[in-house]
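Participant: First, the structure itself, so that you have it in front of you.
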Amino acid sequence: MAESTSAKVLKSSIIVALVISAFMLVFVSRYILLMSIIGIGLGVLVSPFLSYMRSKFRLPRVFSAFVFLIFAAGFGFIVFYAISYMVSDQIQTLTAQWPALVDNLQTRWVELIDRFPWLADRLKGVDVSTIARNSLSPFLSWIKGGFTLASGFLFALVIGIYTAVGAKEYQLGTVNLFPTKMRGQAASILSKCAITLRRWFRAQMLDVVIMGLITMIGLWIIGAEYWAVFGLLTAIFGLIPYLGIFIVIALASLVTLASDPAQVPWVLGVFFITQQIEGNIILPYVMKSQVELPEVPLLILMFLMATWFGLLGVFLATPMFAVLRVLYLELYVPRMRG
């Protein structure tokens, strides 16, 4: 009896040690894990194209992947060149003028305090210039580094191509990990996760491209100095639900306040109009096949992903949550009902 108890304790200790070791390994190599997840996601997105080329033109999946890479590289070069042409000069100007803009912002803040003395006691000791330098300067680094970030996805691209080419084999191998009686359900859930990811990607890309363009055009019409930068940021941070657009509006308002205070109401007006267009025209169309994700758990996952993986984790939180929601509805809910 004592030996049996000791064996159980030893077995439990080994399991706990393995679980802890797995978590430590994941934490240490979290960026490799993140790129692997991105690569698998890319493979899931590209796989239907390879299947279409196979059924329509009888092309091998490897050759179709090569064709896809050529078209993707060409399209990416055109987009990169167009964005660089519009944004690069404004980024350099904004970076060079940033110290002066921060000083101007502090001056506007002092003028506001002098105009409304009752604010002085409540906002005593607030140094706007220090806050701007510490909290807003990283955005400039993200913008400047965004053009070279693509090289860091080479590993993810390789994983994605291999995943797309061998999609059926990988799916079959994953399904075979489960007991025989569960393999049908596992295959169905994997298909639903893939469909959900593809729908999210199509809808999200369409939304951010349209929003980035109309914001850019609106800011250009009113004569905003950094219209291309803020339009690009609207497209990028539009991938972050609920919080992304507020980050862009805050940054645009502060920069405009420092450079041309008279333009602030016009800038805010452009963002208000574009958000109304998105909420009442774009989203009802592009998201009509999407299931609305609950806000609270999504926000929690976003903050967790930000803590673990940084800014890139925030962008990946929404598609991960959409897939996790499918798993929750297909596995947990039926089990609880049963």
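Participant: Name the single residue, out of those in region 257-298 being modelled with pLDDT of 90 or more and of a type in the set (S, T, N, Q), that is farthest from Thr215 (Cα to Cα).
Facilitator: Result: Gln263.
Participant: Oh, and also: Tally up the residues in region 202-226 that are within 20 Å of the chain's Cα centre (by Cα) and not aliphatic (A, V, I, L, M), please.
Facilitator: So the count comes out to 5.
Participant: With Ile236, Ile189 as the choices, which residue is among the β-branched types (Val, Ile, Thr) and open to solvent by 40 Å² or more (accessible area, probe 1.4 Å)?
Facilitator: Working: Ile189 fails: open to solvent by 40 Å² or more (accessible area, probe 1.4 Å).
Testing whether each residue is among the β-branched types (Val, Ile, Thr) and open to solvent by 40 Å² or more (accessible area, probe 1.4 Å) leaves just Ile236.
Each row is one residue, and each column tells you yes or no for (1) among the β-branched types (Val, Ile, Thr); (2) without any contact (Cβ under 8 Å) to a residue 60 or more places away in the chain.
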residue	(1), (2)
Leu283	no, no
Val286	yes, no
Pro319	no, no
Leu324	no, yes
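Participant: So, restricting to helices (runs of 4 or more DSSP H) that lie completely within region 198-317, which ones have at least 3 residues that are of a type outside the set (A, V, I, L, M)? If you could, list the steps in order and put the result at the bottom.
Facilitator: Values: elements: 227-237, 244-259, 264-277, 283-286, 295-309.
So the answer is 227-237, 244-259, 264-277, 295-309.
Participant: Here are Ile113, Ile37, Ile14: which of them is part of a helix (DSSP H, G or I), open to solvent by less than 90 Å² (accessible area, probe 1.4 Å), at pLDDT 75 or above and of a type in the set (A, V, I, L, M)?
Facilitator: Values: Ile113 fails: at pLDDT 75 or above; Ile14 fails: at pLDDT 75 or above.
Step by step, each of Ile113, Ile37, Ile14 is checked, and only Ile37 is part of a helix (DSSP H, G or I), open to solvent by less than 90 Å² (accessible area, probe 1.4 Å), at pLDDT 75 or above and of a type in the set (A, V, I, L, M).
Participant: Out of everything in region 40-74 that is farther than 10 Å from Ile161 by Cα and of a type in the set (S, T, N, Q), what residue ends up being least open to solvent (accessible area, probe 1.4 Å)?
Facilitator: Ser64
Participant: Is one or more of the residues making up region 269-288 open to solvent by 30 Å² or more (accessible area, probe 1.4 Å) and more than 23 Å from Gly231 (Cα to Cα)?
Facilitator: yes
The values are calculated or read from the model by the stated rules, or taken from the named source; none is laboratory data. Note that the structure is predicted; figures quoted are calculated from it, not measured. FYI the Cβ positions are ideal-geometry reconstructions off the backbone, even for glycines, and counts take in every protein chain you see. Keep in mind that these areas ignore ligands, DNA and RNA; they rest on the heavy atoms of the full protein, side chains included. Shrake-Rupley method; radii C 1.70, N 1.55, O 1.52, S 1.80 Å.
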